[in-house]
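First the structure, which I've put down as structure tokens, then a few questions once you've had a look.
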Amino acid sequence: MNYSKIAFTDAVKGFQERYGSRASYGRMEEHKYTEGLTESEVEFIAHQDNFYMATNSESGFPYIQFRGGPKGFLKVLDHETLGFIDFGGNKQYISVGNLATNNKVSLFLLDQAAKARLKIFAEASVVSMEDNPELFDKLDLDDYKFKPERIILLKVKAYDWNCPQHITPRYTLEEIQDEFMAQHEYIDKLRKENAALKAQLAQ
């Protein structure tokens, strides 16, 4: 689970040397090691309603696909395995086609409200739903009205958190509504307390 050992190729190290960051990243490369996902990653993943997945094509170009769904649709099956149901889309099948020749993927999870981003290296496998009904039940999403086509399992090889620098905070409609509802309830409470005080003074 040493992200830097995978990410820091010789070319990357060359730029780190040139711009003065190689020494600190070298220490990270030697010492930063985590045995599987911790509770911090598990909780973060459980609250995400989208992520980006990069695959590698036979043409040599990477392909990045947006994946979205209800919160928690990307599920942690154990501390080294993620899984999700692949739903029908535009039927280009670029991602699953790429996985047929190269199973290495990179995931990017971004929570703009929290200014947090998690990067994951993984090896993916495409799994039949019909042959794995128990696994499908674990990953199934209640009341999500899209046609499931397959299961994708992700064996986590390494991960790393990015710094929050340059992330512009943005909030979903649900988050905004929740905040307004909390304020509305607080104001309503103050109004009731104020009315009760006025009634006492009037007696």
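The values are calculated or read from the model by the stated rules, or taken from the named source; none is laboratory data. What you see is a predicted model, and the numbers here were worked out from it, not measured in a lab. Quick reminder, even Gly has a Cβ in these numbers, built from the backbone with ideal geometry, and neighbours come from all protein chains shown. With ligands, DNA and RNA removed, areas are computed over all heavy atoms of the protein, side chains included. Shrake-Rupley method; radii C 1.70, N 1.55, O 1.52, S 1.80 Å.
Quick one: count up the residues across segment 139-176 that are at pLDDT 90 or above, within 18 Å of the chain's Cα centre (by Cα) and charged (D, E, K, R).
Final tally of qualifying residues: 4.
Restricting segment 1-42 to residues that are surrounded by fewer than 11 Cβ atoms within 10 Å (Cβ to Cβ) and under 22 Å from the mean Cα position of the chain (by Cα), which is farthest from ASN102 (Cα to Cα)?
GLU39
May I pose another question? Could you list, ordered by first residue, the pairs with Cβ atoms under 7 Å in which the first is in segment 164-180 and closer than 10 Å to ALA113 by Cβ and the second is of a type in the set (S, T, N, Q) and not in a loop (DSSP other than H, G, I, E, B), at least 6 apart or interchain?
none
Output the qualifying pairs, or none if there are none: Cβ atoms under 9 angstrom, residues six or more apart or on different chains, first residue in segment 133-154 and within 20 Å of MET53 (Cβ to Cβ), second residue assigned to a helix (DSSP H, G or I) and open to solvent by 40 Å² or more (accessible area, probe 1.4 Å).
Listed by first residue and then by second, the contacts come to PRO148/PHE136; ILE151/PHE136.
Out of curiosity, is LYS189 of a type in the set (Lys, Arg), farther than 24 Å from GLU39 by Cβ, out of contact with any His (no Cβ under 8 Å at 6 or more places or on another chain) and without any contact (Cβ under 8 Å) to a residue 24 or more places away in the chain?
For LYS189, the condition - of a type in the set (Lys, Arg), farther than 24 Å from GLU39 by Cβ, out of contact with any His (no Cβ under 8 Å at 6 or more places or on another chain) and without any contact (Cβ under 8 Å) to a residue 24 or more places away in the chain - is met.
Taking segment 45-62 as the search range and keeping residues that are under 14 Å from PHE121 (Cβ atoms) and of a type in the set (A, V, I, L, M, F, W, C), which one is surrounded by the most Cβ atoms within 10 Å (Cβ to Cβ)?
MET53
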